[in-house]
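Here is the structure we will look at.
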Amino acid sequence: MIRKAQRVHRYVFANTTRMAADVARRFRLAAEAAIAARGSFACALTGGSAARTLYARLGRERLDWSRVHIFWVDERAVPETHEESNAGLCRRALLDCVPLVPAHIHRMRGEDAHLDAAARDYEREMVSVLGPERVLDLAHLGLGSDGHVASLFPGHALLGERTRYVAWLDDSPKPPARLTLTLPALFAARAIWFLVAGAEKADVVREVIEDPASPLPASRVLRGHAAVTWMLDRAAASRLRDST
Ligand code: 6PG
């Protein structure tokens, strides 16, 4: 599906320090606009290296954090205290450093023995906070070298999901088992930002951006969403035909 009037923006930064500063500034502007328009800002965070390198800088932004709701695009099947936990990573880098309302931190229950129930509950939580349409203002996505986003992996059956917004999988090529937003949830978000740094991502960035027939999960998101922004460091952008 290619939506009409698609807006794709691309920003390339000399290094991750500059990238983090700009991601933080744009995050503040997006939050201010959403709060002015609708009274709150709902953002789904990513895990992986993007969270590790970029999120500490977000906490220096002055904004009305009490109006911000934090969700996640995916979570690994571990408790929040585990070093693999995306929520734990974001908590250490960002959430513990800003005056968020604790009830506005909507964590996926990766520690739950019943991930199917945890996925259903998360979808209910999205409805209760975001309304029946479950529209996030913004979803951050890292990009795996294999083209996965959130926990949607190349060739996986979950890419065919049409109704559920939250799903679980125990056959992730990147262990452990996981909870993840699905393509319908990502398509429903008002904006998607791909946050990608590092030379090891250069080939997949080129495929996703330059190959209109790429079957990769990230390519599906790019083609199916109306408002995508790429934030890349120079190394990740280095194989693009136009890498400026
Ligand atoms: C996760 C992430 C995932 C991540 C990519 C890229 O839980 O792993 O949410 O989607 O963004 O795997 O991760 P790296 O940048 O660490 O390769």
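Per-residue extension of 0.36 nm, minus the Cα-Cα distance of Ala117 and Lys174, leaves a gain of 18.3 nm for this segment.
Compared with the rule-of-thumb size 2.2 N^0.38 Å for a compact globular protein, region 116-244 has a Cα radius of gyration ratio of 1.07. Using the rule -39500 (n - 2.57) for each DSSP H run of four or more residues, divided by the residues of the chain, the 222 nm mean residue ellipticity is -10000 deg cm²/dmol. Computed from the Cβ-Cβ distance with R0 of 35 Å, the FRET efficiency linking Asp203 to Val98 stands at 0.50. What the Kirkwood sum gives for region 40-173 is a hydrodynamic radius of 15.4 Å, with every pair of different alpha carbons counted. Quick one: grab the alpha carbon gyration tensor of region 108-180, order the square roots of its eigenvalues as a ≥ b ≥ c, and give me rounded if a/c is under 1.5, else prolate or oblate depending on whether a/b is larger than b/c. Oblate, because a/c is 1.5 or more while a/b does not exceed b/c. Note on Thr244 and Asp211: the model spin-label points, each 7 Å out from Cα along the C-beta direction, lie 2.7 nm apart. Taking only the alpha carbons of the chain, we obtain Rg and Dmax values of 16.6, 47 Å in that order. What FRET efficiency comes out for Arg25 versus Ser66 if R0 is 22 angstrom and r is the Cβ-Cβ distance? Round to the nearest 0.05. That gives a FRET efficiency of 0.65. Within the chain, DSSP assigns beta bridges of which about 25% are antiparallel (rounded to the nearest 5). Once the 1.4 Å probe is applied to the protein heavy atoms, region 81-233 comes out at 39 Å² accessible per residue. Applying 0.36 nm per residue to the separation of Ala37 and Thr163 and subtracting their alpha-carbon distance, the gain on full extension is 42.6 nm. Other residues within the sphere of radius under 14 Å centred on the Cβ of Ala87, judged by their own Cβ, net out at -2 (K and R +1, D and E -1).
Distance from the Cα centroid of region 48-68 to that of region 222-244 is 21 Å (rounded to whole angstrom).
The values are calculated or read from the model by the stated rules, or taken from the named source; none is laboratory data. All values derive from a computational prediction rather than experimental measurement. Reconstructed Cβ throughout: ideal geometry from the backbone, glycine too, with neighbour counts over all protein chains shown. Calculation scope for accessible area: heavy atoms of the full protein, side chains included, ligands and nucleic acids excluded. Shrake-Rupley method; radii C 1.70, N 1.55, O 1.52, S 1.80 Å.
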